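Notes follow once the structure below has been shown.
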Amino acid sequence: MSQTISERIISKHANQAVSAGDIAIVDVDAVMATDATAPFAIKAFKEMGGEKVWNKEKVFLVIDHASPAPNERVANLHKLMRNFAKEQGIKLYDVGAGICHQLMVENAHVRPGDLFLGADSHTPTYGSLGSFAVGVGSTDLAGVLLTGKTWLKVPKSILINIEGEIPAGVSAKDIILFLVEKMGAEGAVYEAIELSGSAVESMTLASRMVLSNMVAEMGAKAGLVNTKGLKLDYPFEHQLVDPNANYREIFTYDISNIRPQIAQPHAPDNVLPIDKIIGKKVDAAFIGSCTNSRLEDLHIAAEILRGRKVAVRLLIAPASKAIFDTALQDGTIQTLTEAGATFITSGCGPCVGTHLGVPGDDEVVISSTNRNFQGRMGNPRAGVFLASPAVVAAAAVAGEIIDPEKL
Amino acid sequence: MNITGKAHVYLVDNIDTDRIIPGKYTKTLDISSLAEHVLEDLDPDFSTTVRNGDLLVAGSNFGCGSSREQAPIALKAAGVSAVVAKSFARIFFRNAINIGLLVIEAPEHQIQNGASLSIDLENGLVESDGQTWAATKMPQVMMDILNAGGLVNLLKKDGGYNK
């Protein structure tokens, strides 16, 4: 029987064949919560009468959203998480370890075919390696801590084929911004997206993560990338797109002629090709977040910044300490700091406006992150443009939006 | 379950969780502090004009963006008894039901600001100014959670999900 990847994974975890529209009670392989969501989840777990989590090997806590603690209130929430982790014997990634989504993938806490729940809306990122990973809130997560199960409505799926050779200067970020514009902020609400096609097959895991990450900006529940061409350093069962499955719709886009893309304030689907925004002045630049702060992103930024100086403040928060360490050893960090970049703790702070790098009134920020809602970076009177690390680095040098090829 | 109250209408699509409660205020377990800042970037006066039992009305994809449960918690803490929208973002929708905040999807509604608004959950109807609109039916599992007063109560009582 032809099934979408979501139907296949959910059926396996529901111990019965299910299809789009069915409500299923599923076994959850693992869960994750951050300092933005874990405190309420712990509170709800205790209110449910929870004493021990269902499986201490399958629960991961990450302190990344306001890390290190900017004030005593947050410090006490972090302390609450540390105490809970200790009391339960569960793994906690503390200040500086990295961004939750990078850590789950980097440490293989999520694998192809898994059903994973994360108390963060960018959990679909793990669809990049063929897992059915969805974002939930704190109380849903507490329910899994207690029972190891949750309920799901099996989503309809949309298949997007991305065909063609990726042009020079264009990255996975440009492709997903292009797709977010096509689909719109509500383009896939309650639905799953499957991504396939020749352009995807050649992509690294890091680039695939960028695609899955931003399906959230189309309202999608999950974003599964066909694992054809995927390389992981452990053996795994491929999760392949079946074109005969019952898709709500199939789209095919040829990306061989697209240009770098930029989302303008205040919506991630408010996207234009770079050529229409050239010359826009910027006051600050940020390379970070679960979207674009991996090693390949730092390498691209370093290529552009080598031997140059930034004209505006550029903050960089690598996705994890492991990435920072590698970039330190291969000289990338030195290149970037010599160009005037400032490194901050691996984490989510500036992207989500919790602390660090808050823009002033009327300031314009160009950022490699995923959301530019009004107030997102902590100031409702600032404007955030979303772009690839290459476009962000070039804008930091020029003080305005510029085609990196023309720097 | 029937609810009647005054409608605060913001006929805007894609009201995201940053506009419901900015990320900078969410790192707390103090629920009253969330209520103070609810919707402040959309309408700075909302938190002072909303009265206990009032209803919030919006366009489509209400609550898109982050998974923060602080968004429905802030609305509930501010006294909002239910949210009616043309559609909801899925995480917000689940979170609201899980904490016992009634959310109703009424795709065709034309509710006017300040009007009296009634919700008839059993029959899936939304009524205001003599007009009635159909509401999307919720799956039974969500009705069970809502009837229990939220997921905490349901799991405390049953210890697990019933099929």
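A few notes on this one:
For (1) under 21 Å from A:T34 (Cβ atoms); (2) among the polar types (S, T, N, Q), each residue gets a yes or a no:
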| site | (1), (2) |
| --- | --- |
| A:A341 | no, no |
| A:V352 | yes, no |
| A:N370 | yes, yes |
| A:Q374 | no, yes |
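- Tally of residues being on the phi > 0 side of the Ramachandran plot and either assigned to a helix (DSSP H, G or I) or at pLDDT below 95 (or both) across the range A:188-218: 1
- If you go through the range B:47-61 and keep only what is out of contact with any strand residue (DSSP E or B) (no Cβ under 6 Å at 6 or more places or on another chain) and either within 14 Å of another protein chain (Cβ to nearest Cβ) or of a type in the set (A, V, I, L, M, F, W, C) (or both), you end up with B:V50, B:G59, B:S60, B:N61.
- Scanning the range A:55-91 for residues that are touching a helix residue (DSSP H, G or I) at 6+ places or on another chain (Cβ under 6 Å) and farther than 20 Å from B:R68 by Cβ yields A:K56, A:Q88, A:G89, A:I90.
- Which listed residue is closer than 30 Å to A:V180 by Cα, hydrophobic (A, V, I, L, M, F, W, C), within 13 Å of the chain's Cα centre (by Cα) and at pLDDT 95 or above, from B:V80, B:V57: B:V57
- Residues located in the range A:25-57, provided they are under 20 Å from A:T123 (Cα atoms) and small (G, A, S): A:A30, A:A33, A:A36, A:A38, A:A41
- Any hit, the range A:336-357, residues being surrounded by 20 or more Cβ atoms within 10 Å (Cβ to Cβ), of a type in the set (V, I, T), more than 14 Å from chain B (Cβ to nearest Cβ) and touching a residue at least 40 places away in the same chain (Cβ under 8 Å): no
- The one condition from (1) β-branched (V, I, T); (2) within 9 Å of chain B (Cβ to nearest Cβ); (3) surrounded by fewer than 23 Cβ atoms within 10 Å (Cβ to Cβ) that A:V18 does not meet is (2).
- Listed by first and then second residue, the pairs with beta-carbon distance under 6 Å, at least 6 apart or on different chains, first residue in the range A:389-407 and under 18 Å from A:D283 (Cβ atoms), second at pLDDT below 95, are A:A394/A:L407.
- Of all residues making up the range B:86-107, the number that are in contact with a strand residue (DSSP E or B) (Cβ under 8 Å, 6 or more places away or on another chain) and either polar (S, T, N, Q) or within 19 Å of A:A216 (Cβ to Cβ) (or both): 7
- Hits in the range A:23-37 (condition: closer than 28 Å to B:Q140 by Cβ and either of a type in the set (A, V, I, L, M, F, W, C) or more than 10 Å from every other protein chain (Cβ to nearest Cβ) (or both)): A:I23, A:A24, A:I25, A:V26, A:D27, A:V28, A:D29, A:A30, A:V31, A:A33
- Residue count for the range A:51-76, restricted to those that are within 16 Å of A:A119 (Cα to Cα) and either free of Cβ contacts under 8 Å to residues at least 12 places away in the same chain or of a type in the set (A, V, I, L, M, F, W, C) (or both): 7
- Of all residues in the range A:38-61 being assigned to a helix (DSSP H, G or I) and among the aliphatic types (A, V, I, L, M), the one that is nearest to the other protein chains (Cβ to nearest Cβ): A:A44
- Residue within the range B:149-163 that is closer than 27 Å to A:E186 by Cα and hydroxyl-bearing (S, T, Y) present: no
- Of the strands (runs of 3 or more DSSP E) lying entirely inside the range B:62-148, those containing at least 1 residues that are within 14 Å of another protein chain (Cβ to nearest Cβ) span B:82-85, B:102-105.
- Restricted to the range A:226-262, and to residues there that are part of a loop (DSSP other than H, G, I, E, B) and of a type in the set (F, W, Y), the residue that is surrounded by the most Cβ atoms within 10 Å (Cβ to Cβ) is A:Y247.
- Filter result (in contact with a Phe, Trp or Tyr (Cβ under 7 Å, 6 or more places away or on another chain) and farther than 15 Å from B:E69 by Cβ) within the range A:133-152: A:A133, A:L146, A:T147, A:G148, A:K149, A:W151
- Residue list for the range A:289-313, restricted to those being under 22 Å from A:A66 (Cα atoms) and small (G, A, S): A:S289, A:S293
- Members of the range A:358-375 that are away from chain B (no Cβ under 14 Å) and aliphatic (A, V, I, L, M): A:V364, A:V365, A:I366
- Single residue of A:S196, A:S202, A:S207 found to be among the small types (G, A, S) and under 21 Å from A:R8 (Cβ atoms): A:S196
- Candidate set: the range B:123-133, residues that are more than 17 Å from the chain's Cα centre (by Cα) and touching a residue at least 12 places away in the same chain (Cβ under 8 Å); chosen: the one surrounded by the most Cβ atoms within 10 Å (Cβ to Cβ): B:S128
- Residue in the range A:269-276 that is assigned by TED's automatic domain parsing to the domain that holds A:I366 and part of a loop (DSSP other than H, G, I, E, B) present: yes
- Options B:I21, B:I97: the member that is touching a Lys or Arg at 6+ places or on another chain (Cβ under 8 Å) and among the aliphatic types (A, V, I, L, M): B:I21
- Residue-level check: of (1) within 14 Å of another protein chain (Cβ to nearest Cβ); (2) in contact with a strand residue (DSSP E or B) (Cβ under 9 Å, 6 or more places away or on another chain), A:Q102 misses just (1).
- Residues that are modelled with pLDDT of 95 or more and part of a loop (DSSP other than H, G, I, E, B), drawn from the range B:149-163: B:G150
- Taking the listed residues A:G113, A:G135, A:G164, A:G148, the one that is buried (at least 24 other Cβ atoms within 10 Å of the Cβ) and either under 20 Å from the mean Cα position of the chain (by Cα) or more than 7 Å from chain B (Cβ to nearest Cβ) (or both) is A:G135, with no other qualifying.
- Spans of helices (runs of 4 or more DSSP H) in the range A:62-176 with at least 3 residues among the charged types (D, E, K, R): A:72-88
The values are calculated or read from the model by the stated rules, or taken from the named source; none is laboratory data. Quick caveat, the model's predicted, so the values are computed rather than measured. Please note: Cβ atoms are built from the backbone with ideal geometry, for glycine as well, and neighbour counts cover all protein chains shown.
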